[in-house]
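Here's the structure, in structure tokens; my notes come after.
Only the coordinates and a few stated rules stand behind these numbers; no lab work does. Predicted, not measured: the structure shown is a model, and the values here were computed from it. Every residue, glycine among them, receives a Cβ derived from its backbone with ideal geometry; neighbour counts consider all protein chains shown.
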Amino acid sequence: MRKQFTLVAGMAAVLMLLPACSSTSGTPAATSGGPAAAVKATTATSLADLGGMDALVKAAKAEGTINVVALPDDWANYGAIKKAFAAKYGITVNSILPDASSKEEIDAADKNKGTTNAPDVFDVGANVALSSTDRFAPYKVAAWDKIAAGNKESTGLWVNDYTGVMTVGYNATKFGEITSLDQLTDPKFKGQVAFNGKPAEAGAAFNGFLMVNGAYGGTFENLQPGIDYVKKLKKAGTLNLQDVTSGTIDSGTHGVVFDWTYNQASTITRLKAKGVDWKVFVPQGGEIASYYNQAINKDAPHPAAARLWEEYLYSADAQNMWLAGAARPILFDAMKADGTLDAAAAANLPTVSGTPATPTSAQATSATAFIKANWDAAVA
């Protein structure tokens, strides 16, 4: 199996191995701040429609709030990004349901449609983005032309934001060294092994499933090996279906978690301060990478703030904050070329051997359908 590695500062970059154009995406003038500006923002598809950045900022400040969803502070450095946005523009960032899945983001929009509590923006996995485009408003950020066609929906319904590599993270202090998925059926892991969510609903869990499927010889067209492995974990009593949070990891409820490199990095840092050694490995054959996707809720209660948030996320400041959180931002190559990339943060990206695979949109859609049809029976 692949040699184990630990995500620590000073390691050579890996995610630089990822192509600038990922196949995932084949997967995923108002001048006043009054009501008229808000109506204009609702249908704006670019800064030009809003009269430029100054007009957008004015309209967003008049709204005063943005509702973001499913953005925990320790996920890809979102805590720093939310604080920086609020400080820069004086807009309150209302972070709702931070531990929600991608599907639950869409559910929250549906449940709160027409109210001020609805999410303004989404950050969702490819499988959910592709099935939810009817909820999205088209918008092209100022940096649109720097993003390859394969990393965005052509009208601006969604656009890739950052990526990582799927890994197995575990409490080495408690369990010792783990180098193989086969070890996770050992009774010592009773109730300890978890996907980060439900694979048909959460991007992290979906890609975690693809990781174990690939490690056991499966392909994006043949997902049965992944289901068979899940059945083994369930039979062994080691699978834990409770939602994963930093709290469940810290408390010991989850001792082994399939998750992204950037989430494992924050866990390593957090647990190190508590004297716990959290390590990570990538199973051979299970090298999976995937972008998450930004989208604006077409029924956003704060449409100007939503568009300003997107402009901010695709600025060098926010892209470098994702990078500092161990996620590889979509504008990595463009910023490297124009000299705005945080070289120190880039040098600290985690390392993995091989070239991670990413499903196409058709493969992601088909895989989601397969998982929906087979997951419940596998974990029953």
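Here the dipole of the chain is about 560 debye; that uses its Cα centre as origin and unit charges on the Cβ of Lys and Arg (positive) and Asp and Glu (negative). When the alpha carbon coordinates of region 325-380 are projected onto the principal axes, the ranges are 50, 22, 21 Å, largest first. Expressed per residue, the C-alpha convex hull volume of region 154-303 stands at 133 Å³. Of all DSSP bridge pairs formed entirely within the chain, close to 70 percent run antiparallel.
Give the shape of region 282-380 as rounded, prolate or oblate, defined through the alpha-carbon gyration tensor: a ≥ b ≥ c are the square roots of its eigenvalues, a/c under 1.5 means rounded, and otherwise the shape is prolate if a/b is larger than b/c and oblate if not. Judged from the Cα gyration tensor, region 282-380 comes out oblate (a/c at least 1.5, b/c at or above a/b). If I model region 36-90 as equal point scatterers sitting on the Cα atoms and use the Debye formula, what is log10 I(q)/I(0) at q = 0.23, 0.26 Å⁻¹? The Cα Debye sum returns log10 ratios of -0.93, -1.01. Here the Karplus curve 6.51 cos²θ - 1.76 cosθ + 1.60, taken at θ = phi - 60°, turns the phi angles of region 82-96 into couplings of 4, 5, 5, 5, 4, 5, 5, 10, x, 10, 6, 9, 8, 8, 9 Hz, with x standing for Gly and Pro.
What the phi angles of region 137-145 give under the Karplus curve with 6.51, -1.76 and 1.60, with θ = phi - 60°, is a coupling list of 9, x, 7, 10, 5, 4, 8, 3, 5 Hz, glycine and proline written as x. Taken over the alpha carbons of the chain as equal point scatterers, the Debye sum produces base-10 log I(q)/I(0) values at 0.06, 0.08, 0.10 Å⁻¹ of -0.22, -0.38, -0.60. Kirkwood radius and radius of gyration were both taken over the C-alpha atoms of region 141-207, and their ratio Rg/Rh is 1.19.
Within the shell defined by Cβ-Cβ distances under 14 Å, the residues around Gly164 carry a net charge of -4, with Lys and Arg each +1 and Asp and Glu each -1.
Across region 224-236, coupling constants 3J(HN,Hα) worked out from phi with the 6.51/-1.76/1.60 Karplus curve, θ = phi - 60°, read 4, x, x, 5, 4, 5, 4, 4, 5, 4, 4, 4, 6 Hz, and Gly and Pro carry x. Determine the shape class of region 97-146: with a ≥ b ≥ c the square roots of the Cα gyration tensor eigenvalues, call it rounded for a/c under 1.5, and otherwise prolate if a/b is greater than b/c, oblate otherwise. In terms of gyration-tensor shape, prolate. Taking amide H as placed 1.01 Å from N in the peptide plane, the amide H of Ile288 sits under 5 Å from that of Met166, Ala357, each at least 5 places away or on another chain. Could you tell me whether region 187-251 comes out rounded, prolate or oblate from its Cα gyration tensor? Rule is a ≥ b ≥ c as square roots of the eigenvalues, rounded for a/c under 1.5, then prolate if a/b exceeds b/c, otherwise oblate. Here region 187-251 falls in the oblate category.
Taken over region 244-303, the alpha-carbon convex hull comes to 137 cubic angstrom per residue.
By the compact-protein rule of thumb, 2.2 N^0.38 Å, the alpha-carbon radius of gyration of region 41-129 corresponds to a ratio of 1.14.
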